[in-house]
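Following: one structure in C-alpha cells, then a few remarks.
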Amino acid sequence: MTAPPTTDEYRTLISRALGAALDADTDGPDRQRLFTPSSHRLALDPDVTVVRGARGTGKTYWAKALIDPELREVAARSYMMPRLRRVRVTTAFRAGGNSETPYPGKRKIARLLRDVIDPDSYAYDIFWRAVVMMALEVPQIASLADWPDRIRWAAANEDAYDDALGRADREARDSGETRVLLFDALDHLHSDRRTADRLVSALFQVALELRLTTGALRAKIFVRPDMYDSAPKAFADASKLGANAADLTWSRENLYGLLFHRLGNHPGREAEKFRAQYGTWETQGEGRFVAPVDLIADEKCQERAFVALAGSYMGTDRRKGHTFTWVPNHLQDGKGRVSPRTWLLALRTAADLTAERYATQPYPLHYEALRESLHEASRVRVDELKEDIGWAATAIELLEGGQVPMEPSHVRQYWAQGGLAEILRRRGENDDENSGPRDADDPFALIEELVELGVLTKRTTGALDLPDVYRLAFDIGRKGGVRRRS
C-alpha cells in the first residue's frame with residue numbers, strides 16, 4: 001500500500017498544485033486541471049444563450065475552454081454531451097479587440113458611438129450585426145478596412161445580414177456542425193453604464209434572433225448577473241432569454257471537488273501518494289485523473305479529506321468553528337458566493353504560511369495560517385472589484401475609518417464628505433474605465449446597487465455590513481470577526 005504524503009509533502013503539493021497564477025486571463029485551462037463541476041453542465045449547452053456569472057466564477061475560463069478542441073472533448077466526456085464534439089466555436093467579443101480580431105476594442109467602440117452610430121436611433125443592433133458578420137467571415141464586410149465603414153455598410157445593407165445568416169446556417173447544417181459565437185468580458189464594452197446596458201440589450205436581441213431564426217447558429221454570452229439584470233429587455237420574446245439561461249455557481253461541494261481535483265492532477269510523487277489515499281481514480285490519458293465520485297460530491301468524504309489537511313477546528317477546540325465550513329463561509333460575498341480563484345488562493349497562502357511559521361505543527365494547514373490567508377484572498381478579491389466594478393471599490397474606499405455595521409445615513413455622509421458623485425462623474429468620462437453605476441448622483445440607489453452586487457449586505461435592522469472578503473482589504477473595522485492587520 002502506498003504511504004500517505006508526509007506533512008511537508010502535503011504542504012509542497014498544495015502550494016504547487018494550486019499555482020501561482022490564478023487568473024483565467026493569465027492562467028488558462030489545461031487538460032489536467034480542467035475541472036467540470038456538475039452545476040456548470042448547462043452553461044456549455046450550445047442552445048443556452050446567456051451564462052450569468054460573477055467575477056471569478058469561470059466565465060472567461062469556460063470561454064477559453066470552449067475554443068480549445070481538446071478541452072471541449074474533456075467537457076463532452078465529463079458531461080456526457082456529445083454535441084460539444086460537433087461545434088465550431090468563434091470568439092466574437094472579449095477584452096483586447098484590435099485590427100486582427102473580428103470585434104473592436106473598447107476605445108474604438110467609444111469612438112464609433114461618438115462618430116458613427118446615432119445614439120438616439122437605438123441602432124446598437126447594427127453594431128452587433130456587423131460583429132456577427134465579421135465573426136462569420138462574410139466577405140463583403142470583412143474586406144472593408146475599418147469599423148466605421150463596416151458599421152455604415154451593415155446599416156445600408158440590412159438584407160445582406162439575413163442573407164449571410166442563411167448561408168452560414170446552411171453551411172453549418174451541411175457539415176453537421178453548430179456554429180457558436182462567444183461573447184465574453186462585456187464589462188469592457190463602455191465606461192458609461194447606461195450605454196453599456198444598451199449595448200448588452202442589443203446583443204441579447206441579436207443573439208436571440210440567431211437562436212430563433214436559424215437551426216445551426218448560436219450565440220453564447222457570458223455576462224455578470226448585474227449587467228444581465230440592468231440591460232433593457234423591451235424586445236419581442238425577451239423572456240425566452242432568461243428561461244434558458246444558466247448560472248455559474250460554486251457550491252461547497254464544488255469548491256472542495258476543485259481542490260481535490262487540483263491536488264490529484266499535479267505531476268509528481270506527492271500527487272500520486274494523495275490519489276492512493278482516496279479510492280480508484282479514473283485515468284483519462286496524458287496525466288489527467290478523475291477523482292472518485294464521493295471525493296467530488298460527498299461532503300462527508302470531503303470533510304474527512306480536508307480534516308486530514310487542516311484538522312477539525314479553527315483553534316484548540318470546536319468553539320472557534322470547524323475548518324471545513326469556516327474557510328468557505330469567510331470567503332463568501334454578500335450573496336453567499338465564493339470565487340474559486342480566492343478559494344484556491346487562500347488555501348495555497350495558508351500552506352505557505354504554515355510552512356513558514358508553523359512548520360512543526362502536525363497538520364499541513366494550521367488554523368492560524370488559514371485565518372491569516374483571508375487577508376491575501378481579500379486583497380485579490382478587492383483588486384478584482386477595482387478592475388471590474390471600479391466605482392464600487394471607490395465607494396467602499398470612502399468608508400475608511402468607519403466600522404461596520406453602519407447606518408445608511410452614515411454611509412451617505414461619508415460619500416458626501418468624500419465627493420463620491422463628482423468622482424464617479426469624472427470616472428465616467430474616461431473611456432478606459434469600466435461601466436459605472438446606474439445613477440451616480442443618487443446615494444440611496446448606490447447603496448441598493450452595492451447590495452445587489454453582494455459588496456454590501458443589509459441587516460434586518462437596516463444597518464449595512466461588509467463581508468470579510470471585502471472588509472479586510474478595505475481595512476474597515478468590525479466588532480468581532482477576523483481582525484484587521486495591525
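Among the helices (runs of 4 or more DSSP H) confined wholly to the stretch 154-268, which include 1 or more residues that are aliphatic (A, V, I, L, M) and over 21 Å from L113 (Cα atoms)?
158-175, 193-213, 239-243, 252-264
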Check: Mind checking which pairs have a first residue in the stretch 187-208 that is open to solvent by 20 Å² or more (accessible area, probe 1.4 Å) and a second that is assigned to a helix (DSSP H, G or I) and modelled with pLDDT under 95, Cβ under 6 Å, 6 or more apart or different chains?
Finding: H188/K106; H190/A196; D192/G428; R198/Y124; Q205/D125
Note to self: If I go through the stretch 133-150 residue by residue, how many of them are among the small types (G, A, S) and part of a loop (DSSP other than H, G, I, E, B)?
What the structure shows: 2
Checklist line | Filtered residues of the stretch 58-87 (kept if under 24 Å from R252 (Cβ atoms), open to solvent by 10 Å² or more (accessible area, probe 1.4 Å) and under 14 Å from the mean Cα position of the chain (by Cα)) | finding: G58, K59, T60, Y61
Next item on the list: Please name all residue pairs, on different chains or six or more residues apart, with Cβ atoms under 6 Å, provided the first residue is in the stretch 88-106 and is farther than 16 Å from A142 by Cβ and the second residue is surrounded by 19 or more Cβ atoms within 10 Å (Cβ to Cβ) and small (G, A, S).
Entry: R94/A185; A95/A185; G105/G97
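Within the stretch 324-356, can you find the residues that are of a type in the set (D, E, K, R), over 21 Å from V307 (Cβ atoms) and in a helix (DSSP H, G or I)? So that I can check it myself, show each step before the final result.
Let us first name the residues in the stretch 324-356 that are of a type in the set (D, E, K, R), namely 333, 335, 337, 341, 348, 352, 356.
If we keep only those that are over 21 Å from V307 (Cβ atoms) too, we end up with 333, 335, 337, 341, 356.
Selection gives R341, E356.
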Check: In this structure, does R337 turn out to be open to solvent by 40 Å² or more (accessible area, probe 1.4 Å), more than 13 Å from G257 (Cα to Cα) and free of Cβ contacts under 8 Å to residues at least 12 places away in the same chain?
Finding: no
Check: Which of the following residues is of a type in the set (D, E) and at pLDDT 95 or above: D197, D184?
Finding: D184
Margin query: Which numbered condition in (1) assigned to a helix (DSSP H, G or I); (2) of a type outside the set (A, V, I, L, M, F, W, C); (3) open to solvent by 20 Å² or more (accessible area, probe 1.4 Å) is the only one that D118 fails?
Written below: (1)
Check: Only one of these conditions is not met by R275: (1) in contact (Cβ under 8 Å) with a residue 24 or more places away in the chain; (2) open to solvent by less than 50 Å² (accessible area, probe 1.4 Å). Which number is it?
Finding: (1)
Check: Out of all the residues in the stretch 467-481, which are open to solvent by less than 10 Å² (accessible area, probe 1.4 Å), in contact with a strand residue (DSSP E or B) (Cβ under 8 Å, 6 or more places away or on another chain) and under 19 Å from A346 (Cα atoms)?
Finding: R471
Notebook entry, point to check: Name the residues in the stretch 376-398 that are crowded, with 19+ Cβ neighbours inside 10 Å, within 30 Å of K320 (Cβ to Cβ) and in contact with a Lys or Arg (Cβ under 8 Å, 6 or more places away or on another chain), would you?
Noted result: S378, V380, L385
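Yes/no per residue for (1) among the small types (G, A, S); (2) at pLDDT 95 or above:
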residue: G401; (1), (2): yes, no
residue: W415; (1), (2): no, yes
residue: D431; (1), (2): no, no
residue: P437; (1), (2): no, no
residue: D441; (1), (2): no, no
residue: F444; (1), (2): no, yes
residue: I476; (1), (2): no, no
residue: R483; (1), (2): no, no
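The values are calculated or read from the model by the stated rules, or taken from the named source; none is laboratory data. Being a predicted model, the structure only gives us computed values, none of them experimental. Cβ sites come from the backbone with ideal geometry, for glycine too, and all protein chains shown count toward neighbours. These area figures cover heavy atoms from the full protein model, side chains too; ligands, DNA and RNA do not enter into them. Shrake-Rupley method; radii C 1.70, N 1.55, O 1.52, S 1.80 Å.
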